[in-house]
1. Only one of A:LEU46, A:LEU5 is more than 14 Å from every other protein chain (Cβ to nearest Cβ) and within 14 Å of ligand 2 (Cβ to nearest atom); which?
2. B:VAL235: touching a residue at least 60 places away in the same chain (Cβ under 8 Å), in a helix (DSSP H, G or I), within 14 Å of chain A (Cβ to nearest Cβ) and out of contact with any Pro (no Cβ under 6 Å at 6 or more places or on another chain), yes or no?
3. Please work out which residue is farthest from A:PHE85 (Cα to Cα), limiting yourself to the stretch A:201-241 and to residues that are part of a loop (DSSP other than H, G, I, E, B) and either within 13 Å of ligand 1 (Cβ to nearest atom) or not assigned by TED's automatic domain parsing to the domain that holds A:SER51 (or both).
4. Please find, among A:LEU12, A:LEU71, A:LEU5, the residue that is assigned by TED's automatic domain parsing to the domain that holds A:ASP221, at pLDDT 95 or above and farther than 26 Å from A:HIS211 by Cβ.
5. Which members of the stretch A:21-37 meet the condition of being more than 19 Å from the chain's Cα centre (by Cα) and either within 16 Å of ligand 2 (Cβ to nearest atom) or of a type in the set (S, T, N, Q) (or both)?
6. Give the residues of the stretch A:49-87 that are facing another protein chain (nearest Cβ under 8 Å) and either assigned to a strand (DSSP E or B) or hydrophobic (A, V, I, L, M, F, W, C) (or both), sorted by residue number.
7. Looking at (1) within 16 Å of ligand 2 (Cβ to nearest atom); (2) buried (at least 18 other Cβ atoms within 10 Å of the Cβ); (3) touching a residue at least 40 places away in the same chain (Cβ under 8 Å), find the lone condition where A:ALA77 falls short.
8. In this structure, does A:MET224 turn out to be away from chain B (no Cβ under 14 Å), free of Cβ contacts under 8 Å to residues at least 40 places away in the same chain, within 16 Å of ligand 2 (Cβ to nearest atom) and under 18 Å from the mean Cα position of the chain (by Cα)?
Amino acid sequence: MSAVLDVSGLTLGFGQVVALSDVAMTVQAGEIVSLIGPNGAGKSSLLNCLSGFYRPQRGRILFAGRDITALPPHRRAAAGLGRTFQGLQTYDSMTVRENVLSGMHVHMRAGLLDAMLYWPRARQEEARFTELAEEIIAFLELEELRHAPVGALSYGLRKRTDLGRALGLRPELLLLDEPMAGMNAEEKADLARFILDIRDARGIPVVLVEHDMDVVMDISDRVMVLEWGRVIADGAPDAVRGDPRVISAYLGQA
Amino acid sequence: MLPSGVFFTDHAAEAGLLRTLPQRLWLAALLAALVLLPLVAGAHLIGLLTMLCITAIAVLGLQITTGMAGQVNLGQSAFVGAGAFVAARLALAGLPLPLVLPLAGLAAAAGSVAFALPAMRVKGFYLALTTLAAQVMFPILIIRLPAAWFGGADGLGVDPPTVAGIRLGGATAMYLLCLGVLVVMATAAFNVGRSRAGRAFRAMRDNDNAARVLGIDPLRTKLAAFFAGAFFAGVAGALYAYQVRYVTTEQFTLWQSVWYVGMLLVGGMTQPLGAILGTLFVTLLQEMLRSAGGALLDADVGLQGGAIFAATNVLLGSVILAGLIFEPRGLAHRWGLVVAAYRIWPYPHR
Ligand SMILES: Nc1ncnc2c1ncn2[C@@H]1O[C@H](COP(=O)(O)OP(=O)(O)OP(=O)(O)O)[C@@H](O)[C@H]1O
Ligand SMILES: [Mg+2]
């Protein structure tokens, strides 16, 4: 079986700064892969290349067997690549449910005319997707807040809404950039459980950028370590934890 | 917020625009009053309300482009003008009103896309400049085109509309027509807000990077926002042409575009209700100041017409500014608070 994601030779520079150099990466079906590394190692840059915000100077990105290297972000999303961002990036004027529904944009068909007339065709589609959105809302235990404007929610709940929105896309691969940064232990545990559920119940492979080593070692099937834009280790959590280069990268930073 | 005791067991029912019986009754009563108004109101008030309906349609369109989708538009008046000229031309060619209205809307919408397309890579200030260009180009274009098309600098005269063979000549008929079209267009605007297109607009306004990652094509979405907003403008322009019976480029000025933006700001950008409340508030205020100015002029207190005109404009501007400072989210937000307070009364802590 071929990999969901197959990246090779990815090289990205900003002027003199080398953000990524010759990075290779694969994600297999059903895998949770964590991406770790010191600050400025290139983790977000890698995700931005994957989702199409940055154009690598060299390299190739195969997603579900298809070359997506040249596609703009919204076409990659339509192809099934979902992601969340570092920090808060929800649609703050919308409710939780509207956020999740907006994640279903690529699966819905209603156009401008349907929107204005709101005739049976549009109404039925809206009702059908509202039920699907409610499934996601129930999964993330946000039922009580479905009509709350997201801008008014706590950090943890907004990150959860962000995740719900990404699930609305029904992705075939989910990229999460530091979803737990700024969370307390309880919120982290909740989110870790959701990530495992996403993989187990929905079969969606996950690429997770995370600084919290306990969480990473707990939930990952595989850990990839970046330093100065290079992959310095890639393997099972236990193997990576003992790798002398990884230890020195982290000790060097501390 | 819903009144207590009202809840839904079905997610689809929840999406209704009017969710409770009292809401429906209030709206029905309001509409009935507006329909019956010509029986008691004078010609001046009916004319004013007709213009108000037309303006509200243009501002509803601006609410979609600027309020929902966050695309600045200082050329809405030019799009109203485009609709007005196309409507006048089509009416002269003998087309009936039910065809003229949507065609004028589509023509204005197409024009807006032509202007927005080159501006798609720019945002904010630069986009404002491009829409300004549309506003400046509009009269030049109309005057330069062959006079046989849109009458050139002389403009075009328009005959009263016919609907299903009936000639709508009188002021009352025009009022009822414009009111009816406003109801239809307002419903359409509210519908956009609760559907896929409206969510895409708001997603892009709230966070365009996140919108792209969720498969929303920024180019298409921005163009759709201009298209929809200018469609409303074009319909408003067609009604204007029928109402005033004469179109010339001088009626569609940059100032009018700025007024549209002012009305939307005062009413509240984020919901269609804001467009209606803002139009109502500013139009009535304009009218009050105008008649006060007229009274002053008649009383001959030694002020000159120019000074009075300037003073009323300054006053109007100050009232709008004060409104924005004290309620930056607009009248619609304030209205929502009042309704919520009424529902939880007498227990203010819900
Ligand atoms: N848009 C950009 N323009 C210029 N340099 C950039 C840009 N984005 C990233 N860089 C540089 O690329 C390098 C990698 O940054 P990146 O944000 O990918 O690191 P990171 O691993 O995500 O770090 P952190 O853990 O702090 O989020 C850094 O040196 C950064 O300064
Ligand atoms: Mg980062």
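1. Values: A:LEU5 fails: within 14 Å of ligand 2 (Cβ to nearest atom).
Within the list A:LEU46, A:LEU5, the selection yields A:LEU46.
2. Values: touching a residue at least 60 places away in the same chain (Cβ under 8 Å): yes; in a helix (DSSP H, G or I): yes; within 14 Å of chain A (Cβ to nearest Cβ): yes; out of contact with any Pro (no Cβ under 6 Å at 6 or more places or on another chain): yes.
Taking the combined requirement at face value, the residue satisfies it.
3. Filtering the stretch A:201-241 for residues that are part of a loop (DSSP other than H, G, I, E, B) and either within 13 Å of ligand 1 (Cβ to nearest atom) or not assigned by TED's automatic domain parsing to the domain that holds A:SER51 (or both), the one farthest from A:PHE85 (Cα to Cα) comes out as A:TRP228.
4. Only one candidate qualifies: A:LEU71.
5. Once the filter is applied, which keeps residues that are more than 19 Å from the chain's Cα centre (by Cα) and either within 16 Å of ligand 2 (Cβ to nearest atom) or of a type in the set (S, T, N, Q) (or both), the stretch A:21-37 yields only A:SER21.
6. A:PHE53, A:ALA77, A:ALA78, A:GLY82, A:ARG83, A:PHE85
7. (1)
8. Numbers: away from chain B (no Cβ under 14 Å): yes; free of Cβ contacts under 8 Å to residues at least 40 places away in the same chain: no; within 16 Å of ligand 2 (Cβ to nearest atom): yes; under 18 Å from the mean Cα position of the chain (by Cα): yes.
Taking the combined requirement at face value, the residue does not satisfy it.
The values are calculated or read from the model by the stated rules, or taken from the named source; none is laboratory data. All figures in this text were calculated on a predicted structure; none of them were measured in a lab. Ideal geometry is used to build each Cβ from the backbone, glycine not excepted, and the neighbour counts take in all protein chains shown.
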